[in-house]
Amino acid sequence: MKVIVTGGAGFIGSAVVRHLLADADCQILNIDVLTYAGNLDSLSGAFDNPRYQFSQTDICDAAAVAALFAQFQPDVVMHLAAESHVDRSIEEPGAFIQTNIVGTYAMLEEARHYWQGLEEPRREQFRFHHISTDEVYGDLEGTTKLFTETTPYAPSSPYSASKAGSDHLVRAWGHTFSLPVIITNCSNNYGPFHFPEKLVPHIILNALQGKPLPVYGDGSQIRDWLYVEDHARALCKVVTEGKLGETYNIGGHNEKRNLDVVHTICELLEELATGNENSRASGNGFKELITFVKDRPGHDARYAIDASKIQRELGWTPQETFESGMRKTVQWYLDNPQWSERVLSGDYRLDRIGAADE
Ligand code: NAD
């Protein structure tokens, strides 16, 4: 099988590439333009693998994407490339509209032209898998409800609105052109190789440097947390066994308040960082660094996923609990300071200039 992964240098995309290289017998073409969120350090083991190719390409560049389809001849597209940080979408929404909507449109069109030219049985077997977020469903404040695959869309931020728009395009290309599409909507991911602007790595790295641990508002916002490798396993299951045209919600059954996530990280650091050579902070008192900051505008209060469909139909359940996944994550940041240092210093971006196609 030949798999195009878009956004494969990002947090979840790199987990998918690592998972495919370790556990599946397939050829991979990673298409990633390498924005600030793309980091080739997260794929250092992949570049020597003959089953892996990389192209530094913008998914909005339709001609370049068409050439890659023609050259690589994929059986499957796993589309993860996106702008993904809500705060950035509030500051500068334009890039979100461009990559998440226009870029997804370009991917769909080039996939459609390529797919229409395929012979059977490859035409019937082709899949376009769009990876999306639970944020498209909006806010569950004050309810005990869960997001199901039929929950109406009500996105709140420019990020979630742009992802909702991309989901609608993917469904329309499925209905109108019969392009074989599948969509997954997943809850908040955490784990190794996560860019430090996101809550979990930001808190870990600030704590290790003895810096304030910023928490929005009163920290009562609830999210459902999933370990990134569980997400990668779910995506590979959906793309190989999922039903055409279907949507699958993916979640960790781990609803936690943001403040409780921060407390868990502090407690794990108190246990794991003591005496660790990479910790500049002492092994206790991390919670004293917590600082409440002005809430994000339009901040949704609660997201919670009903992941029973993927469990029932495809037999997927997360392997990590919140506690085991968070422990692995904290330990990974302690064991891999060079990854974080290169991100924080900006050095990880130096490689991208020479990161031509291979
Ligand atoms: P990320 O920001 O870490 O990575 C995005 C990747 O896409 C980067 O490598 C970036 O260089 C690349 N990219 C951005 N614009 C591009 C363009 N125009 N052309 C080519 N490549 C481009 O994001 P992530 O957290 O890995 O998320 C991946 C996908 O999963 C996104 O679609 C996101 O909406 C979705 N998702 C994320 C989460 C989460 O918790 N992080 C949860 C559910 C769904």
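Along the axis of the charge dipole computed for the chain (Cβ charges of +1 for Lys and Arg, -1 for Asp and Glu, origin at the Cα centre), the listed residues Ile182, Trp115, Cys26 are led at the positive end by Ile182.
Considering the options Ile305, Ser84, Gly8, tell which one lies farthest towards the positive end of the dipole of region 2-357, charges being +1 on Lys and Arg and -1 on Asp and Glu at the Cβ, about the Cα centre. Going by the charge dipole, the pick is Ile305.
Once the Cα atoms are used to define both axes, helix 199-208 deviates from the longest principal axis of the chain by about 40 degrees.
Relative to the longest principal axis of the Cα atoms of the chain, the long axis of helix 62-72 makes an angle of roughly 80 degrees. Sorting 242-250, 198-206 by their mean Cβ neighbour count within 10 Å, with the most densely packed peptide first, gives 198-206, 242-250.
Here's the picture: charge each Lys and Arg Cβ at +1 and each Asp and Glu Cβ at -1 in region 2-357, and of Trp225, Val343, Leu140 the one pushed furthest to the positive end of that dipole is Leu140. So if the hydrodynamic radius of the chain is defined as the Kirkwood radius over C-alpha pairs, what does Stokes-Einstein give as its diffusion coefficient at 20 °C and 1.002 mPa s, in µm² per second? Diffusion coefficient, whole number: 103 µm²/s. Around the Cα centre of region 1-113, unit charges on the Cβ atoms of Lys, Arg, Asp and Glu (plus for the first two, minus for the last two) sum to a dipole of about 260 debye. Within the same chain, lysines fewer than 8 places from Lys256 are excluded, and of the rest, those with a Cα less than 29 Å from its Cα are Lys145, Lys163, Lys198, Lys211, Lys237, Lys287, Lys294, Lys309, Lys328. Rounded to the nearest 20, the size of the Cβ-charge dipole of region 2-357 about its Cα centre is 200 debye, with Lys and Arg at +1 and Asp and Glu at -1. Note on the chain: antiparallel DSSP beta bridges, both residues inside, total approximately 10 percent of the bridges counted.
Read the figures in this text as sums done on the coordinates, not as results from a lab. All of these numbers come straight from a predicted model, not from anything done at the bench. All Cβ positions, even for glycine, are placed from backbone atoms using ideal geometry, and neighbour counts span all protein chains on display.
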